[in-house]
Every structure is written in structure tokens, then in C-alpha cells.
Amino acid sequence: MTHSGSPDLADTAACDVAALYATRKASPVEVLQAVLRRIDAIDPRLNAFVRVDRDGALASARQSERRWQRNEPASPLDGVPVSIKDLILAGGMPTLRGSFSVDENQAWDVDAPVTARLREAGLVIVGKTTTPEFGCKGETNSPRTGITRNPWNPDRTSGGSSGGAAVAVATGMGPIAIGTDGAGSVRIPGAFCGTFGLKPSFGRVPAYPPSPYGTVAHIGPHTMNVRDAATVMNIMKRPDARDWTSLPFDAHDYTASLDGDLAGVRVAYSPRLGYARDVHPEVLAAIASVARDLQHLGARVEEIDPGIDDPLEISTGLWFLGSWTLWNTLSPAQQSRTDPDFRAQAEIGRTMTALQAQQLHMRRSALGSHLRQFMQRYDLILTPSVAIPAFPVRPPASVPMSPQTMLGWTPFTYPFNLSQQPACTIPCGFTSEGLPIGAQFVGGMFDDAMVLRAARAFETMHPIPRPPAHT
């Protein structure tokens, strides 16, 4: 099979790649080779990958090629390249978690649930993408794996903690990347790097082993269009008994309702969520434009805040406790080599009492209840994804660790980890400096399909662009 079209196969969306396979216009091996060439050309500058499994990916692509030749693909995305964030187990490759504390010389023979589902569906696992140590912050830097840079301006951060995943997808180093999101870690880099990123409802995508940060941690995809995300979510959301918190299987095809219109959809437009003061003016202007676009698409848009206080203290308090818990699994020698930012989080967590921890859980419960009731009146909440554009890259420990420095600049993401609602980021414009801006659509709990449908409707007006030079 040969590809005769002019666009580079590395820039072809996942569903379009599969269509090329079905019509014999390209093969899984050819697409993988294009992706590997792109990685070789781009990744030394941007640092999206911690490991590329060339031999394993090639073997997988050849198997997929044979299935397509027999007209027996394992799934609609059989043979499509995908990368896995290096917090998620993938058999045959070490999972370093951005940390010197992980010994790479051990058996790596277990797939996490999402990896297993992707492998069963025939996707080609290209490699593991960069993360800060243990996914502990909203930028991607670590002593072990260095700094991951923004493809729109390499002097700016990719965001985090799924920075490698967002960079890989934005630059054609694979059309799908799987990330994790505990306080915004899919949506922050999606907004900064200009990708579509989805944080599904908690439990929709099974996870194992459980995150040390608990029930705020979600697994979701980065793609360059909404249809690709909906299609891969059909695979990712298949059940796995290892995750005792996972939801009952949802057999709904997320692509079936994707092109539904937004007539009558109730949107709560909340540009500051009632408490976010330091929002970049160009971000606010872009989100106001999104609100007008949704009205044009038939949605009933009302500017209203959900009536919550800033839950920064809840989110960071629970996070610091998670860091302290994780810290206590490490030996003194391992602790001595950790990222100073992770160490600082653990130190704050160490000072918290059991009573304070329980009070944080009670406050979280009240927040979740309030938002669940608010969503009885609305189908979606529209906010910015992040309050600011991508800031300059910096090494670990560049700023003192505190709730404000950790998450204060991303006030729109962490509330919906606490409430466990589905939320996505989709590019909605650029700053005057040429940096992407993201809009966030938040759905009612379990209504992932609505989030995807709204994002797809917006995307029909504003297709997602790639960085012009991929550098």
C-alpha cells in the first residue's frame, strides 16, 4: 500500500489515517515511519518523549497491516499510532514517572487498563511521553527527564503534567496521546499547546494502579480534533475489574451524537467562575467570543457563576497530602534525588493533621453537591481553560512552593477534578504573541457525550490549527 496524497502522514488525524488503511492508500507501517521521522526531526528540541519503542511499534504496525489486508481490523483505530504518558504502565517499557526513584531494571510486564484496551484495539504504541516527577505540577520539568517545551514558542512551557502528550499530538508525533489529569494536567497543556484535551468523568476510564493523589485523578486523550477523541474514548472506556472505582460500562457510541446541534443546550457562561481575578485580558476576550459562537450555534447562553468559592485550598491540601503519602514510600536515598518541588509539596503535606484532612474531604463533598445541583439547570459551563497563556520555561524549584504558585494561575481546572465532572479544552484563538488560548467546556457528571458534542460544534466553526513549523 502506498500513500499518494500530498499532506504528510504524520499530520493526518487518527480517523483519517484509518480511512487510508481501509482504502489501501496508506499502511500502518508507512504511517508509523512518518511519525518516527517526525519524532527524530522535532523531539530533540521539544522533549516530548522519554522513550520511543521503535521495534515494538514496528512489530505492532506489521500485525495491524496484516489485519487490514484481511479486512479484519481489531477496531476503527487499528494501526493508529498512540503515545502513553509515563505515569501509565505499558508492558515492555519502563514507567519512570519522571523520577530517579524508579529503577528501570525490573520486570515491566503489566499494562494499565487503558494501555490494555488500546493494545487490544490494535493501536500502535509508539512510546512514553514526558511528565514532571509523579505528575506533581502543572508544568513539565523534572531532574530526570528535563524540560518539555511549547511547540508554538520553545521558550515557553508546554504546561503539565501531560506536557509531553500535548506536544506530541500538536506536532504530529502521533495523532493520539494518553494523559492524566489530577488538577488540570490534560487541560493545561492542551490549552498551552493548542490541542483538544478531554478529562472524562471520574471512573469513566478505568485506572490501575490507583493514583497516590486519589479520586481527583482522571485519564484522558489529547487529539487534534474532537472526532478522534470521541473514537478513542469508545475504546478507553471499556471496563477493567482492577479499578474498583470505575463506572459501569457505558456502551454508548460517543461518535453517534457527535454532530448533533446545540439548539436549546443550556450554557452557563462564567468567565471568572466568580473568584478568578487575574485572568489575562486576551483570554477573557477569546472566551467572550466563544460564548457568542455558541449562541450562534443555537445554545441558550447565560452569563452566570455557579456560586462556589475558590477551592484552591481544598485541591492543593489534598494534593500535598498525596505527595506526603508518596514521599513515605521512598527510601532516604530515593528521597534525596527527588524534584525539590515534589519535596516541598510533601513537606507541606507533612504538617497537616488528620482533622484537617477530614475537613478538606467534607468541604470537597459540599462543593461536589453544590455543582451537581447547579448542573440540574445547565448542560454545560463555559470558562477559560487556563487564566494565562503559556509562561516561560523554568527548571524545577524556580518559585517557592505554595498553593498559589502551584495552581493559582489555573483556577478553572481543579474545581472539576474535585467534582469529578467531565471537562475539555479546545483551542479558541491566540494571544497577540501567537500563543494558543483554550476554552473549557464542563458537562454534568457522566455526560461526557455532551462535552464532546459541544466541542465538535465549536470545532466546525474553528478547526484546530497546528504549529506552523512544528518547532
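What follows is calculated from the coordinates using simple rules that are stated; it is not laboratory data. The model shown is predicted, which means the values in this text are computed figures rather than measured ones. Because the Cβ atoms are built from the backbone with ideal geometry, glycine has one as well, and the counts that use them run over all protein chains shown.
Annotation: the residues HIS222, HIS296, sorted from fewest to most other C-beta atoms within 10 Å of their own C-beta, follow the order HIS296, HIS222. In angstrom, the C-alpha Rg and Dmax of the range 1-113 are 15.5, 47. Amide hydrogen proximity for VAL50: with H placed 1.01 Å from N in the peptide plane, the residues at 5 or more positions away or on another chain lying under 5 Å are LYS128, THR129, THR130. Beta bridges per DSSP, both residues in the range 9-461: antiparallel share near 65 percent. Spatially, the range 190-246 and the range 1-78 are offset by 22 Å when compared through their Cα centroids. Computed over the chain, the per-residue total of -39500 (n - 2.57) for DSSP H runs of n ≥ 4 gives a 222 nm mean residue ellipticity of -11000 deg cm²/dmol, rounded to 500. This model, with +1 at the C-beta of Lys and Arg and -1 at the C-beta of Asp and Glu, gives the range 1-143 a dipole about its Cα centre of some 300 debye. For an R0 of 30 angstrom, estimate the FRET efficiency from the Cβ-Cβ distance between ARG466 and ARG62 and round to the nearest 0.05. Once rounded, the FRET efficiency stands at 0.60.
Dipole of the chain computed with +1 at Lys/Arg Cβ and -1 at Asp/Glu Cβ about the Cα centre; of THR353, ILE426, PHE100, farthest Cα towards the positive end is PHE100.
Across the range 397-408, computed HN-Hα scalar couplings (Karplus, 6.51 cos²θ - 1.76 cosθ + 1.60, θ = phi - 60°) run 6, 6, 10, x, 7, 7, x, 5, 6, 6, 9, x Hz from first to last residue, x flagging Gly and Pro. Counting lysine pairs in the chain that sit 8 or more residues apart in sequence, or on different chains, and whose Cα atoms lie under 18 Å apart gives 6. Every Cα-Cα pair of the chain was included, and the share exceeding 30 Å stands at 39 percent.
The amide H of ARG204, built 1.01 Å from its N in the peptide plane, has LEU247 as neighbours under 5 Å, considering only residues 5 or more places off or on other chains. Neighbours of SER385, meaning other residues whose beta-carbon lies under 11 angstrom from its beta-carbon, give a summed charge of +2 when Lys and Arg score +1 and Asp and Glu score -1.
Net charge in the neighbourhood of PRO221 (other residues with Cβ under 13 Å of its Cβ; Lys, Arg +1, Asp, Glu -1) is +4. Each residue of the range 191-201 was assigned a 3J(HN,Hα) from its phi angle through the Karplus curve 6.51 cos²θ - 1.76 cosθ + 1.60 (θ = phi - 60°); the sequence is 5, 6, 9, x, 10, 8, x, 10, 9, x, 3 Hz, with glycine and proline shown as x.
Computed extension gain for ASP155 through THR351, at 0.36 nm per residue and net of the alpha carbon distance, reaches 67.0 nm. Note on the chain: with charges restricted to the Cβ of Lys and Arg (+1) and Asp and Glu (-1), its dipole about the Cα centre is near 280 debye. For the range 356-429, trypsin sites (Lys or Arg not before Pro) meeting the loop criterion (DSSP other than H, G, I, E, B) and having at most 12 other Cβ atoms within 10 Å: ARG377. Per-residue packing, averaged as other Cβ atoms within 10 Å, sorts the ranges 422-428, 459-465 into the order 422-428, 459-465, beginning with the highest. Amide H contacts of VAL301 (H built 1.01 Å from N, in plane; Pro and chain starts excluded): VAL267 sit under 5 Å, all sequence-distant by 5 or more or on other chains.
In plain terms, the residue of SER257, SER315 with the fewest other Cβ atoms within 10 Å comes first and the most crowded comes last, giving SER257, SER315. The spacing between the range 162-178 and the range 413-434, judged by their C-alpha centroids, is 17 Å. In this rough spin-label picture, where each label sits 7 Å from Cα along the Cβ direction, the GLU72-THR23 distance is 2.6 nm.
For the range 1-105, the list of trypsin sites (Lys or Arg not before Pro) that fall in a loop by DSSP and count at most 10 other C-beta atoms within 10 angstrom reads ARG70.
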